[in-house]
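Presented below is the structure to which this report refers.
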Amino acid sequence: MIRMAREIPLIMMKEIGYTYPNGTRALKNINLNIFTGELIGIMGRNGAGKTSLIRTLNGLIRPTSGNIYIKNENINSKSIATLSKIVGIIFQNPFHQLFANSVEEEINFSLRSLNLSKEEIQKRTDQTLLEFDLEKYRKRSPLNLSGGESKKLAAASIICRDPQILIFDEPTLGQDAKEIEFFINLINNERKKRKTIILITHNIEFAYEYIPRTILMTEGQIIADGSTKEVLNNEFLIGQTSLILPQICQFYLALQELGLQEINKISSKNDMTDYLRNLIKNKSSKI
Amino acid sequence: MSLEFLNAFKFMKKKSFLHNLDPRAKLLFSIVYTISALLFTQILPLFFIFLSLIPLILLGKIFRQWVKSIRGLSFLVLFIIILNTLFISLSFALAMILRIYIMVSAFSIFFLTVDPNDLALSLISMKLPYEFAFSFSLAFRFVPTIATEAQNILDAQQSRGYEMQKKGLINQIKNLFPLLIPLIISSIKRAFNVAEALESRAFGSRKDRTYYYTIKYSFKDFVFTLYLLVFLVFVIFIRVQFNSMPDFLMWSLPV
């Protein structure tokens, strides 16, 4: 993405620290800039501070030190209700938020706090149900939906509020291939609307394939922030977390061991298949 | 708003006089204080009973957690003040608040100082079937888990604009549904999961169980029990002879 030299970050975190009441230091001196329209992955082992970091963005927890600026405004004194209009967090467990009698009512509930007219609420609800392919479940209880559908509904109930920043906590966890595909399309659509998207994930293959920028965290600190391919190909950095190298990276390391030099050309699944196809073609032509 | 006050009922391993007492003695303590609180409707006797809890809380080194449990009652206290003042009197409202404080404190002290494993053992020693004792200690152990879950639910709802504080009593009650329904559903789901996990580990297949360690009523437990019985007899005596007690005990506010 081409960025203007003087572009002001949408989110600016300056020396953020957070200590839980029991004394656990969850975040230590975090400095981070995130720009409008970016898609960012936050990765790291469990307990690294990923969830604490995103919770500071809508005021669910207040940093014990440092300041957070969204759209150049300090958010420290802003209420959760105000911040939730700008920052939408979609949590891991959808059953933590589903309670209404019907899927339609669930979406309605999210929109009511935006002070919209009844007509507008209904219009947005209908639109969201269509967009998320939930129309067929309109009158069904959210508690009777499958795991994947309920995750979709939880996401719909946040996205219908049209927040500028979308944060997903483990969006691919427990999702089948079709559901992951739906989620990828959803992210692409939201990016077209210039939404800033932050994903917390342990799914390294997913991150490698779809996320351009990755932040790696360990023990409440950011240890790497850069292009996903650079960060996740770095054996030293990966060793600091509980992650493993992406399959493509493992593949070209194996090629390197075999003395094959074309490794720099391989950076995606397509490159890998093309490389193997050519290799087989060359071998068979030699025979 | 934080639901952290639920953690005020979470057992914390510490070395203190209260922690070292036998769980049965502490169960008796909770029962005795609950009965004592129910005996009176006047401010001063309840205030003295409440006061007698303070040294025990200090002995148990649980003052901070206890304060949290008391603070967590603010909404209920407000409710009691409004209803009782409107329909009876402010004095009665204050007495009822003290009564609630005594009962919550008695059980808060119990939960904060009794290890769930010891609780199961003490119930078994009271001839309760193992299945019941285990279920009870399991329920007890899940209190902090439910507290964490309640906080997660609150966070998830707040992330979509939910506001805990709303104007009007009806609105406030209605407003609890987005929290209570997911909490109840997830608790039921967890109960089923735990039951399946236990059954898959052949829970209850043998009746003749042996235990890794046993609990024993020691000298200090007998002394504490004696204190509780004397205390109970004393408050019952005061209650029975209340009309012949000094007038100041019946003191109430003019409104």
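Read-outs throughout are calculated quantities, based only on the coordinates presented, and are distinct from any laboratory measurement. Everything numeric in this text was worked out from a predicted model, so none of it was measured. When we count neighbours, we look across all protein chains shown, and the Cβ atoms used for this are built from the backbone with ideal geometry, even at glycine.
Below, the figures for the structure above:
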read-out: Over 29 Å [Cα-Cα, chain B], rounded percent; value: 44 percent
read-out: Rg over Rh [alpha-carbon atoms, Kirkwood Rh] for segment A:132-204; value: 0.95
read-out: Calculated FRET value between B:PHE231 and B:SER89, using beta carbons and R₀ = 35 Å, to 0.05; value: 0.75
read-out: Most fluctuating residue given options B:TYR130, B:TYR162, B:TYR211, as computed from a GNM of chain B linking Cα atoms under 10 Å; value: B:TYR211
read-out: Evaluated at q = 0.06, 0.08, 0.12 Å⁻¹: base-10 log I(q)/I(0), Debye formula over Cα of the protein assembly as shown; value: -0.43, -0.72, -1.24
read-out: Ranked list, fewest to most other Cβ atoms within 10 Å of each Cβ, for A:MET272, B:MET96, B:MET250, B:MET126; value: B:MET126, B:MET250, A:MET272, B:MET96
read-out: Cα-based helix-to-principal-axis angle, A:103-112 vs chain A, degrees rounded to 10; value: 70 degrees
read-out: Reachable lysines, given that their alpha-carbon falls under 22 Å from the alpha-carbon of B:LYS61 and they are not under 8 places away in the same chain; value: B:LYS10, B:LYS13, B:LYS14, B:LYS15, B:LYS26, B:LYS220
read-out: Label-point gap, in nm, between A:GLU181 and A:LYS139 - each point 7 angstrom along Cα→Cβ; value: 3.1 nm
read-out: Distance-filtered residues of segment A:46-61 - backbone nitrogen under 11 Å, label point 7 angstrom along A:TYR20 Cα→Cβ; value: A:47-49, A:52
read-out: Estimated FRET transfer efficiency (B:ILE170, A:ASN74; beta-carbon r; R0 56 Å; 0.05); value: 0.95
read-out: Selected from A:ASN33, A:ASN144, A:ASN270 as most flexible by GNM, with chain A as the system and alpha-carbon contacts under 10 Å; value: A:ASN270
read-out: √(5λ) per eigenvalue of the Cα gyration tensor, chain A, largest first, Å; value: 36, 26, 17
read-out: Helix-only [θ]222 nm of chain A, DSSP H runs n ≥ 4, -39500 (n - 2.57) each, per residue, nearest 500; value: -11000 deg cm²/dmol
read-out: With Cα atoms, 0 to 90° folded angle of helix A:269-286 axis to chain A main axis; value: 20 degrees
read-out: Over segment A:131-287, volume per residue of the alpha carbon convex hull, in Å³; value: 164 Å³
read-out: Distance violations [Cα-Cα > 20 Å] among A:LYS71/A:LYS118; A:LYS14/A:LYS85; A:LYS78/B:LYS68; A:LYS28/A:LYS78; A:LYS14/A:LYS195; A:LYS71/A:LYS193; value: A:LYS71/A:LYS118; A:LYS14/A:LYS85; A:LYS78/B:LYS68; A:LYS28/A:LYS78; A:LYS14/A:LYS195
read-out: The protein assembly as shown - charge dipole about Cα centre, Lys and Arg +1 at Cβ, Asp and Glu -1, debye rounded to 20; value: 620 debye
read-out: Inter-centroid distance (Cα atoms) of segment A:105-165 relative to segment A:218-256, Å; value: 37 Å
read-out: Sum of side-chain charges, A:SER65 neighbourhood, beta-carbon under 11 Å (Lys, Arg +1; Asp, Glu -1); value: +3
read-out: For chain B, built as a Gaussian network whose Cα springs stay under 10 Å, the top-fluctuating residue of B:ALA95, B:ALA139, B:ALA191; value: B:ALA191
read-out: Helical contribution to [θ] at 222 nm, DSSP H n ≥ 4, -39,500 (n - 2.57), averaged over chain B, rounded to 500; value: -22500 deg cm²/dmol
read-out: Helix runs (DSSP H) in chain B reaching 30 Å along axis by Cα, Kyte-Doolittle at least 0.5; value: B:90-113, B:177-200, B:219-240
read-out: Positive minus negative residues near B:LEU18 (Lys, Arg vs Asp, Glu; Cβ under 9 Å); value: +3
read-out: Environment charge of A:THR201, counting only residues whose C-beta is closer than 15 Å and scoring Lys/Arg +1, Asp/Glu -1; value: -1
read-out: Principal-axis tilt of helix A:177-192 within chain A, Cα atoms, nearest 10 degrees; value: 70 degrees
read-out: Listed residues A:THR56, A:LEU116, A:GLY174: farthest to the positive end of the dipole of chain A (Cβ charges); value: A:LEU116
read-out: Translational diffusion of segment B:54-144, µm² s⁻¹ [Kirkwood Rh, Cα pairs; Stokes-Einstein; 25 °C; 0.890 mPa s]; value: 162 µm²/s
read-out: Two-decimal log10 I(q)/I(0) for segment A:1-128, as the Debye equation yields it once each C-alpha is a single scatterer, q = 0.17 Å⁻¹; value: -1.04
